[in-house]
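Bear in mind these aren't lab numbers, they're just calculated from the coordinates by the rules spelled out. In this text the structure is predicted, and so the values were computed from the model without any measurement. Glycine gets a Cβ as well: all are built from the backbone with ideal geometry, and neighbour counts include every protein chain shown.
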Amino acid sequence: IEYKGFSITYFNTKIDNMENVDLKTFKVVKSNISRSFEGYAKDENKVYFQAKPLLGIDVETFEIIGEAYTKDKNGVYYANEKLEGVDSQNYTKNDNFIKSNGIIYENEKKQAYDYKTFTLIKTYISNDSCGGTAYMGSLVKDKDGIYYNGEKISNVDSKTFELVKDNKIIVHFEIDSR
């Protein structure tokens, strides 16, 4: 597409160079949920993530449900990866976690937390100078322990654990490498 001598690009790719894009119906999909994560577009035939077509996505039912989370009638996705086993009609989303059918994902990674007792304690976000945010990690618990970024914190009892101060982790801890 040329506009007054300029080529339009989307994620550093000239739209006219994208494979089989329908230029008449192509549009960037804006997120009403987050300004810090964008990169989706669609035309009447396909959904794109960062200029690459997402295979198997239903264009009609595609919607953004969180930072990098989307869904359609066929499933739930993180960026360009389908989250296997997640039902797009029956899931719970909490910050960077998706729960469905006994499975817990943190972003695109399947986690082994106990499904019934999983609790998100705190999500840590960093603000950048441009007004955006970056996910730094999460503190979670289940019946078996307390975890930071998916790693179990050793010598901490999940039944008595308490976050003392909201903005800082005050307790020093070691990651259990077993």
Practice task
Would you kindly state how much longer the chain becomes between LYS73 and ALA134 on full extension, computed as 0.36 nm times their sequence separation minus their alpha carbon distance, in nm to one decimal?
Solution key: 19.1 nm
Handout entry: 14 Å reach of a label modelled at ASP87, 7 Å along Cα-to-Cβ, counting backbone N of the stretch 94-125
Key = 99-103
Practice task
Obtain the nm distance between the two label points defined at ASN155 and LYS109 by a simple spin-label model: each point lies 7 Å from its Cα along the Cα-to-C-beta direction.
Solution key: 2.4 nm
Practice task
Provide the packing ranking of 76-82, 97-103, i.e. peptides ordered by the mean count of other C-beta atoms within 10 Å per residue, highest first.
Solution key: 76-82, 97-103
Handout entry: Pairwise FRET efficiency - THR61 versus VAL164, Cβ, R0 = 45 Å, nearest 0.05
Key = 0.50
